[in-house]
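Structure first, then comments.
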Amino acid sequence: MIGGKSFEKISIGESMKKENLEDKHYLGHNEKGREATLVNFLKDKSDNSEFENHELTNKLLSNIYLSMAKEFCSGNSQLTFRL
């Protein structure tokens, strides 16, 4: 690109925090997106981020949480699972 700034950092998170100051349940823009996807799924509405397209990610996250729970309860976080 010719002219203009050579590098510009744009922070979406800070902007959205300011927009949601009055929402005591607001956790962040990623969580807001997940909430919208979940609500669309529950209402059987089409979404640009369908759960079916994220099966591997969901399995990995579920097993990470399970491993953390095992570590907390037993001190052993080792886990075996199929992808």
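The values are calculated or read from the model by the stated rules, or taken from the named source; none is laboratory data. The structure displayed is predicted, hence computed values, not measured ones. Reconstructed Cβ throughout: ideal geometry from the backbone, glycine too, with neighbour counts over all protein chains shown. With ligands, DNA and RNA removed, areas are computed over all heavy atoms of the protein, side chains included. Shrake-Rupley method; radii C 1.70, N 1.55, O 1.52, S 1.80 Å.
Here are the numbers for the structure shown:
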read-out: P(r), alpha carbons of the range 37-83 - 10 Å bins starting at zero, rounded %; value: 25, 35, 25, 15, 1
read-out: Selection from S49, I64, N20, by position along the positive dipole direction of the chain (Cβ); value: I64
read-out: 25 °C / 0.890 mPa s Stokes-Einstein diffusion coefficient of the range 1-44, Kirkwood radius on C-alpha pairs, µm²/s; value: 190
read-out: Loop GluC sites (Glu not before Pro), the range 6-40, which have at most 14 other Cβ atoms in a 10 Å radius of their Cβ (DSSP); value: E8, E22
read-out: Residues F72 and K9, FRET efficiency given R0 of 30 Å [Cβ-Cβ distance, rounded to 0.05]; value: 0.25
read-out: The range 1-62: chymotrypsin sites (Phe, Trp or Tyr not before Pro) in DSSP coil with no more than 16 other Cβ atoms inside 10 Å; value: F7, Y26
read-out: For the range 60-77, 3J(HN,Hα) per residue [Karplus equation, 6.51 cos²θ - 1.76 cosθ + 1.60, θ = phi - 60°, Hz, x = Gly/Pro]; value: 4, 4, 4, 6, 5, 4, 4, 4, 5, 5, 4, 4, 5, 7, 10, x, 10, 9
read-out: Carbon plus sulfur fraction of accessible area for the chain, probe 1.4 Å, in percent; value: 55
read-out: Which of T57, T37 is most accessible, then next, and so on - probe 1.4 Å; value: T57, T37
read-out: Ellipticity estimate at 222 nm from DSSP helix runs (n ≥ 4, -39,500 (n - 2.57)) divided over the chain, nearest 500; value: -16500 deg cm²/dmol
read-out: Selection of trypsin sites (Lys or Arg not before Pro), the range 1-43, meeting DSSP coil and at most 11 other Cβ within 10 Å; value: K5, K9, K24, K43
read-out: Where only C-alpha atoms are counted, convex hull volume of the chain per residue in Å³; value: 224
read-out: The chain, accessible area per residue, ligands and nucleic acids excluded (1.4 Å, Å²); value: 94
read-out: Per-residue HN-Hα couplings for the range 21-28 [Karplus 6.51, -1.76, 1.60; θ = phi - 60°; Hz; x = Gly/Pro]; value: 4, 7, 8, 5, 9, 5, 10, x
